[in-house]
Amino acid sequence: MSLAAVSPAPAPPDRWRRFLLRGLRVEFAALVIAICLWATFRQDFGITVVYSICISTMCWLLIDIGRSVVAAWLPSNEASGGNNWPRGIWIVAIVVVGAVLGYAAGNEIANRLTGLQLPGPFNAGPRQTLSLLVMALVPAIVVTYFFRSRELIATQRQAVERAERQAAEQQLKLLESQLEPHMLFNTLANLRALIAVDPVRAQAMLDRLIGFLRASLAGSRVGAQTLAIEFDRLRDYLALMQVRMGPRLATRFDLAADTAAAQVPPLLLQPIVENSIKHGLEPKREGGRIEVGAAREGKALVIRIRDTGVGAGAGLSLGAPGPSLPGGGGFGLGHVRERLATLYGGAASFDLVPADDPEGGMLAIVRLPFIPEPVASSAASAT
């Protein structure tokens, strides 16, 4: 998702599409001009349309092609953005020359099509030549200004959108860089407490931690990973916590087959599980159970993390802080909300609510767009 600050030149297919759209707009403008001339002077409508279209088309072609050729020849600082629009005296000269030559060429083509011999700018009297030039230049200037303004506005809009995405990318990288040390420091603090009371279990926990970090470091540096891998990291983390908590921590995983290859941000779910242990199960003397499940609901991927801990009396959702929960406004859950908002905007949600069954505890629901694993990625992993 790395983005440049300046929008690059449009790709060739997009450039041709814009060229054709400009041509259609010119033909529409030529038809409007023909109707106005016919209504004013009551000339033959068919002949008026032929002359209007031929002259307008040739003026447009010479100006449009001319400005692209000149912009490609000019230094980059004398052209506007990536849309091949020369600046200053260059665009004035292109419009004047293109309008005069286009009028002459279009008039000659229309003469051949209609069999008439109407004078052009190079074979008419001085006064008539002046009138013809005004008739050519005024529409040419108006249409050129319209096209140039639209493309410059579109370029600026693209640059703003790219800058916003770049800022979102940097914010996301900052969040991820802050989240990883947070998890590690919490685990080391737990390990330090365990060393004093049970060195053997502390040694086992340290071994688990080394294995967990080795498996997680590579995955934490990618932009996305499959939900199956995310679940594997959660299993590793909960196995690490089971060394410390012993039989007080039970786990259950339920990963639907059609969701295993869904793409999710790495380490998205771990802060929620940390929150469940710290604020749900640890305060409960007998401990409890953590259940992690995922299912597809239409175009959405829904992940549920439920604990049977001490629970709370109110919910908290993304974008609406609501009443405070144990850990509800904490570091880890705050990062989950910010990452979802940065990556998916309003298409994702995160709710933390009390579980509605006799076992109690809390239920975290993460809803985000279902994005399947790319075909190339699947093939590579299979080999």
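We did not get these values from a lab; they are worked out from the coordinates using the rules stated. Because the structure is a prediction, the values reported are computed rather than measured. When we count neighbours, we look across all protein chains shown, and the Cβ atoms used for this are built from the backbone with ideal geometry, even at glycine.
Assorted remarks:
- Note, ³J(HN,Hα) from phi for segment 57-68, Karplus 6.51, -1.76, 1.60, rounded to Hz, x at Gly and Pro: 5, 5, 4, 5, 4, 5, 6, 5, 5, x, 5, 5
- Given R0 = 22 Å, the distance between the Cβ atoms of LEU116 and VAL138 translates into a calculated FRET efficiency of 0.40.
- Cα gyration tensor shape of segment 212-293, rounded if a/c is under 1.5, else prolate or oblate by comparing a/b with b/c: prolate
- Full-stretch length increase - ASP351, SER131 - with 0.36 nm per residue and alpha-carbon distance subtracted: 72.1 nm
- ARG87/GLN158 FRET efficiency (R0 25 Å; Cβ-Cβ; nearest 0.05): 0.80
- Each residue of segment 257-266 is assigned a 3J(HN,Hα), and the resulting list reads 4, 7, 10, 4, 8, 5, 8, 9, x, x Hz, derived from the Karplus form 6.51 cos²θ - 1.76 cosθ + 1.60 (θ = phi - 60°), x at Gly and Pro.
- Ranked by the mean number of other Cβ atoms within 10 Å per residue, highest first, peptides 142-153, 115-126 order as 142-153, 115-126.
- As a calculated quantity, the FRET efficiency between GLU338 and ALA260 at R0 = 22 Å, using C-beta atoms, amounts to about 0.25.
- Whole-Hz ³J(HN,Hα) from phi, Karplus 6.51 cos²θ - 1.76 cosθ + 1.60, for segment 287-303, glycine and proline x: x, x, 10, 10, 10, 10, x, 9, 8, 9, 10, x, 8, 10, 9, 10, 10
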